[in-house]
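What follows is one structure encoded as structure tokens, with my remarks underneath.
The values are calculated or read from the model by the stated rules, or taken from the named source; none is laboratory data. All figures in this text were calculated on a predicted structure; none of them were measured in a lab. Cβ atoms come from the backbone with ideal geometry, glycine included; neighbour counts cover every protein chain shown. In case anyone asks, the SASA skips ligands and DNA or RNA and just uses the protein heavy atoms, side chains included. Shrake-Rupley method; radii C 1.70, N 1.55, O 1.52, S 1.80 Å.
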Amino acid sequence: MATTPNPPVKSNRIGLSILDYRGAKSTLCAGCGHNVISERIIDAFYEMGIEPEKVAKVSGIGCSSKSPAYFLGHSHSFNSVHGRMPSIATGAAVANHKMLYLGVSGDGDTASIGIGQFAHLMRRNLPMIYIIEDNGVYGLTKGQFSATADVGSKLKTGVVNELPAIDTCALAIELGATFVARSFSGDKKQLLALLKAAIAHNGTVMLDVISPCVTFNDHEGSTKSYKFMKDHEEPLQDINFVPSFEEIDVEYEPGSGIEITLHDGSKMRLTKLEEDFNPTHRLDALTRLAEARENNEVLTGLFYVNPEKPSFTDLLNLVDRPLGTLPQEVTRPTKSVLDKIMDEYR
Ligand SMILES: Cc1ncc(C[n+]2csc(CCOP(=O)(O)OP(=O)(O)O)c2C)c(N)n1
Ligand code: SF4
Ligand SMILES: [Mg+2]
């Protein structure tokens with residue numbers, strides 16, 4: 001009897017299938033926004049044709065910080081201490097600047113315990129993608145308000161948050177990050193375009209993704225629920241990403257939006273822009289975010305990008321070969337050199 005051949009497995013530009021970008025089976029709650037973000041990360045790295053072995057995943061503590069286990073199973077990974085992922089990422093990036101660093105944090109991990117480390121990562125413009133999976137609560141410890149919870153947002157128990165939210169995007173722009181955006185786990189097209197552009201950028205990408213916690217913060221009265229986001233999300237622009245390795249088949253018409261060329265030659269095309277808003281203008285971005293906060297708008301999209309500013313590792317003028325792989329003969333001064341240095345202190 002004739003057998004039906006299996007359909008050919010699709011592969012990307014480096015010959016890998018989407019299965020090569022998956023990770024372990026998720027242990028997070030079914031329906032958690034974090035699982036959807038993991039899916040988009042898998043799609044973005046597959047579509048960009050990035051070798052999983054060239055990626056280093058770093059995270060802190062929280063449901064969000066567990067999620068790197070569920071994507072890019074062939075990549076390097078380090079699950080650090082609560083709020084301390086930035087220092088681990090900084091050390092790793094200096095020791096080996098040839099890897100692509102992908103950090104996953106939570107709103108608690110970043111905006112509460114980790115705010116100090118977050119601030120210094122942003123100001124250094126460390127070349128990495130820093131994702132906040134933002135649900136407005138500490139999911140792992142059973143749903144207390146985090147510092148990104150909006151004023152007036154209500155817990156299931158009826159407790160109302162009266163403290164102002166920290167806007168992690170405004171903070172990241174103020175401090176020096178060079179690619180700052182907000183998205184929603186349920187906005188598949190926008191999130192995928194932003195993740196692919198993030199891979200093409202050199203410098204700190206700070207991507208705050210609203211990611212509903214179905215167990216503790218998806219009810220009426222929450223401003224981080226699926227329903228609230230579906231009703232209130234206001235995308236600033238329609239984002240199309242054209243990677244450097246793809247032919248640009250449609251000519252871009254000047255005046256129909258903004259085109260931004262990223263570090264590796266990829267292009268972002270932003271259309272349906274609000275009049276006068278240009279994401280390459282830092283002050284415009286800060287003003288627009290402040291207005292959004294005053295008007296209770298949930299703005300998403302690309303707020304700020306600067307493809308020109310040197311990253312932290314550019315500024316260090318590192319030798320081409322990763323420091324962590326240099327042999328001792330190169331990194332350790334000889335006895336005569338050490339003696340000479342000591343002589344200078346006598
Ligand atoms: C030093 C330290 N303090 C407190 C905790 C307890 N703790 C674990 S996860 C967490 C908050 C997680 O919230 P978030 O980062 O928003 O992640 P989510 O679970 O919501 O994805 C806290 C307070 C801890 N693990 N370590
Ligand atoms: S508790 Fe909330 S954040 Fe944690 S896995 Fe469940 S739905 Fe996700
Ligand atoms: Mg959280």
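Number of Lys-Lys pairs in region 2-122 with C-alpha atoms under 14 Å apart and a separation of 8 or more places or on different chains: 4.
With a/c under 1.5 counting as rounded, go ahead and sort region 68-154 into rounded, prolate or oblate using the C-alpha gyration tensor (a ≥ b ≥ c being the square roots of the eigenvalues; past the cut-off, prolate if a/b is larger than b/c, else oblate). In terms of gyration-tensor shape, prolate. Full extension of the chain between residue 94 and residue 3 gives 27.3 nm of extra length, using 0.36 nm per residue less the Cα-Cα distance.
Put simply, the Cα atoms of region 250-346 extend 66, 39, 20 Å along their principal axes, the longest span coming first. Within the assembled protein chains, the solvent-accessible surface assigned to residue 72 is about 0 Å², based on a 1.4 Å probe.
Note that region 173-188 has calculated 3J(HN,Hα) couplings of 5, 4, 7, x, 5, 10, 8, 10, 8, 10, 9, 9, 4, x, 9, 4 Hz, one per residue in order, obtained from phi through the Karplus relation 6.51 cos²θ - 1.76 cosθ + 1.60 (θ = phi - 60°); glycine and proline are x.
So what does the Cα-only Debye profile of region 17-119 read at q = 0.17 Å⁻¹, as log10 I(q)/I(0), no solvent term? Rounded to two decimals, the profile gives -0.75. Computed on the chain, the Cα convex hull volume stands at 199 Å³ per residue. The largest accessible area among 316, 236 belongs to the first residue in 316, 236, and the rest follow in falling order (1.4 Å probe, all chains). The per residue volume of the convex hull around the alpha-carbon atoms of region 146-292 is 123 Å³. Between residue 55 and 76, 100, the built amide H atoms are under 5 Å apart, and every one of these is 5 or more places off in sequence or on another chain. Under a point spin-label approximation (7 Å from Cα along Cα-to-Cβ), what is the residue 76-residue 271 distance to one decimal in nm? Roughly 4.1 nm, to one decimal. For region 1-76, the calculated P(r) over all alpha carbon pairs, in 10 Å bins from 0 to the bin holding the longest distance, is 18, 45, 24, 10, 3, 0 percent. For region 203-213, the Karplus equation 6.51 cos²θ - 1.76 cosθ + 1.60, evaluated at θ = phi - 60°, returns couplings of x, 7, 9, 10, 10, 8, 10, 5, 9, x, 8 Hz by residue, with Gly and Pro reported as x. At a Cα cut-off below 20 Å, give the aspartates and glutamates reachable from residue 142, other chains included and same-chain residues fewer than 8 away excluded. Those aspartates and glutamates meeting the cut-off are 107, 109, 133, 134, 150, 162, 218, 220. Region 141-182: D in µm²/s via Stokes-Einstein (Kirkwood Rh, Cα pairs, 25 °C, 0.890 mPa s)? Rounded, D is 207 µm²/s. Farthest towards the positive end of the charge dipole of the chain, among the residues 245, 86, 263, is the Cα of 86, using unit charges on the Cβ of Lys, Arg, Asp and Glu.
Of 330, 27, 136, whose Cα points farthest to the positive end of the dipole of the chain (charges on the beta-carbon: +1 Lys, Arg; -1 Asp, Glu; origin at the Cα centre)? It is 330, whose Cα lies furthest towards the positive end.
You can think of it this way: the chain between residue 29 and residue 339 has 105.5 nm of extra reach, that is 0.36 nm per residue less the Cα-Cα gap. May I ask you to list the lysines whose Cα is less than 23 Å away from that of residue 272, ignoring any residue fewer than eight positions away on the same chain? Within reach: 188, 189, 196, 230.
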